[in-house]
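Participant: Sharing a structure here in structure tokens format.
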Amino acid sequence: MLIAGVDGCPAGWAVALDHGGDLRFEIVPTIADVIARVPGIIGIDIPIGLPESGARAADRLARQASGRPSSVFPTPVRGVLGLATHAEASARHRAIDGRGLTIQAFGILPRIAEVDAALRADLRLVERVIEVHPEVTFATMAGRRLAHSKKTREGRAERLALLAPDFGDAPATAGTGILRRHLAPDDVLDAFAALWTARRIASGTSRSLPDPPPLDAAGLPMAVRV
């Protein structure tokens, strides 16, 4: 069964694919394309399940599990989806929830909306399109908080060393020749980390943060799997 680990990238979605140990890496333009092409588990680094107000337990637990709280930003409330500017989205978020919206969260609002729309159109997809978080995955792999940010040379080396036992040199060579404006190096790392957790989900060895996951108003689970 083909499974995938997915992370957003400037050109669309960075996708690490595993078909019975045959590994590939691709950039896919839309999440609908990913879902259509991958019949198995899709571990995706994007919030699934959006609060109407307040913070998700999943984010709090993910911060604790990663050991790097700044790497897990608060999931935006559903009421800001579709807003065009950070100022507008932050003002709306504050009006709904009392908190502004980080620029990092605003930057991925279109990605969140894309996944949200796909899953709300077919709620059965939540059985196989599942939220993961790479920094939680890496901390789980290492059994500890990682020492360096993924944006640094040391952090990249630290994460590649954790991925190597399961994926060999594929994470180090994936994306070679793709322009930086289309794909950042940490997008590749995060896609393979998502694939590592997708394998655990497929094998029934993953855990849910929280467990059981609460549902949002649209019926989508609010949990991070690891």
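Participant: Kindly list, by first and then second residue, each pair from a residue in segment 159-172 that is within 15 Å of A184 (Cα to Cα) to a residue that is part of a loop (DSSP other than H, G, I, E, B) and open to solvent by less than 40 Å² (accessible area, probe 1.4 Å), limited to pairs with Cβ atoms under 9 Å and residues at least 6 apart or on different chains.
Facilitator: R159/L146
Participant: Does A105 satisfy the condition of being buried (at least 19 other Cβ atoms within 10 Å of the Cβ), at pLDDT below 95 and under 20 Å from L209 (Cβ atoms)? Spell out the reasoning first.
Facilitator: Working: buried (at least 19 other Cβ atoms within 10 Å of the Cβ): yes; at pLDDT below 95: yes; under 20 Å from L209 (Cβ atoms): yes.
So A105 fits the description; yes.
Participant: Still on this model: Say we look at segment 110-149 and pick out the residues that are of a type in the set (K, R) and either over 18 Å from D186 (Cα atoms) or buried (at least 21 other Cβ atoms within 10 Å of the Cβ) (or both); which of these is modelled with the lowest pLDDT? Don't jump to the end; show me each part of the working.
Facilitator: Applying the first criterion (of a type in the set (K, R)) to segment 110-149 yields 111, 120, 124, 128, 144-145.
Okay, now just the ones that are also either over 18 Å from D186 (Cα atoms) or buried (at least 21 other Cβ atoms within 10 Å of the Cβ) (or both), so 120, 124, 128, 144.
Details: R120: 97, R124: 97, R128: 98, R144: 94.
Result: R144.
Participant: Answer yes if at least one residue in segment 150-173 is within 15 Å of the chain's Cα centre (by Cα), in a helix (DSSP H, G or I) and surrounded by 15 or more Cβ atoms within 10 Å (Cβ to Cβ), and no otherwise.
Facilitator: Let us first name the residues in segment 150-173 that are within 15 Å of the chain's Cα centre (by Cα), namely 150.
Right, trim to in a helix (DSSP H, G or I) and you get none.
No - not one qualifying residue is present in segment 150-173.
Participant: Looking at (1) farther than 26 Å from R180 by Cβ; (2) surrounded by fewer than 21 Cβ atoms within 10 Å (Cβ to Cβ), can you tell me which one A62 breaks?
Facilitator: Here A62 meets the rest and fails (2).
Participant: Among (1) part of a loop (DSSP other than H, G, I, E, B); (2) surrounded by fewer than 19 Cβ atoms within 10 Å (Cβ to Cβ); (3) hydroxyl-bearing (S, T, Y), there is one condition T75 misses while meeting the rest; what is its number?
Facilitator: (2)
Participant: Quick check: is even one residue across segment 80-87 among the hydrophobic types (A, V, I, L, M, F, W, C), touching a helix residue (DSSP H, G or I) at 6+ places or on another chain (Cβ under 8 Å), on the phi < 0 side of the Ramachandran plot and assigned to a helix (DSSP H, G or I)?
Facilitator: Step one: list which residues in segment 80-87 are among the hydrophobic types (A, V, I, L, M, F, W, C), which gives 80-81, 83-84, 87.
From what is left, the residues that are touching a helix residue (DSSP H, G or I) at 6+ places or on another chain (Cβ under 8 Å) are 80-81, 83.
Imposing the further condition that a residue be on the phi < 0 side of the Ramachandran plot reduces the set to 80-81, 83.
Narrowing the set further to residues that are assigned to a helix (DSSP H, G or I) leaves 80.
Yes, the conditions are met somewhere in segment 80-87.
Participant: With respect to L189, is the statement that it is of a type in the set (A, V, I, L, M), under 24 Å from P39 (Cβ atoms) and crowded, with 21+ Cβ neighbours inside 10 Å true? Steps first, answer last, please.
Facilitator: Working: of a type in the set (A, V, I, L, M): yes; under 24 Å from P39 (Cβ atoms): no; crowded, with 21+ Cβ neighbours inside 10 Å: yes.
It is false that L189 is of a type in the set (A, V, I, L, M), under 24 Å from P39 (Cβ atoms) and crowded, with 21+ Cβ neighbours inside 10 Å.
Participant: Something else now. Could you run through segment 17-40 and say how many residues are part of a helix (DSSP H, G or I) and either modelled with pLDDT under 95 or surrounded by fewer than 13 Cβ atoms within 10 Å (Cβ to Cβ) (or both)?
Facilitator: Residues of segment 17-40 that are part of a helix (DSSP H, G or I), as a first pass: 31-37.
Imposing the further condition that a residue be either modelled with pLDDT under 95 or surrounded by fewer than 13 Cβ atoms within 10 Å (Cβ to Cβ) (or both) reduces the set to 36.
Residues meeting the conditions: 1.
Participant: Between G43, G8, which is outside any loop (DSSP other than H, G, I, E, B) and open to solvent by 10 Å² or more (accessible area, probe 1.4 Å)? Write out each step before concluding.
Facilitator: On the way: G43 fails: open to solvent by 10 Å² or more (accessible area, probe 1.4 Å).
The match here is G8.
Participant: Working only within segment 116-145, note down all residues that are in contact (Cβ under 8 Å) with a residue 24 or more places away in the chain and more than 28 Å from P51 (Cβ to Cβ).
Facilitator: As a first pass, look at segment 116-145 and keep what is in contact (Cβ under 8 Å) with a residue 24 or more places away in the chain: 116, 118-120, 123, 125-126, 128-141, 144-145.
M141, R144, listed by residue number.
Participant: Continuing with the same structure: Identify, from the list V224, V188, the residue that is modelled with pLDDT of 95 or more, among the β-branched types (V, I, T) and within 16 Å of S66 (Cα to Cα). It would help to see each step written out before you state the result.
Facilitator: Details: V188 fails: within 16 Å of S66 (Cα to Cα).
V224 is the lone residue from the list that is modelled with pLDDT of 95 or more, among the β-branched types (V, I, T) and within 16 Å of S66 (Cα to Cα).
The values are calculated or read from the model by the stated rules, or taken from the named source; none is laboratory data. Everything numeric here is computed off the predicted structure, so don't read it as measured data. We place every Cβ from the backbone using ideal geometry, glycine too, and count neighbours over all the protein chains shown. The area values use the complete protein model at the heavy-atom level, side chains included, leaving out ligands, DNA and RNA. Shrake-Rupley method; radii C 1.70, N 1.55, O 1.52, S 1.80 Å.
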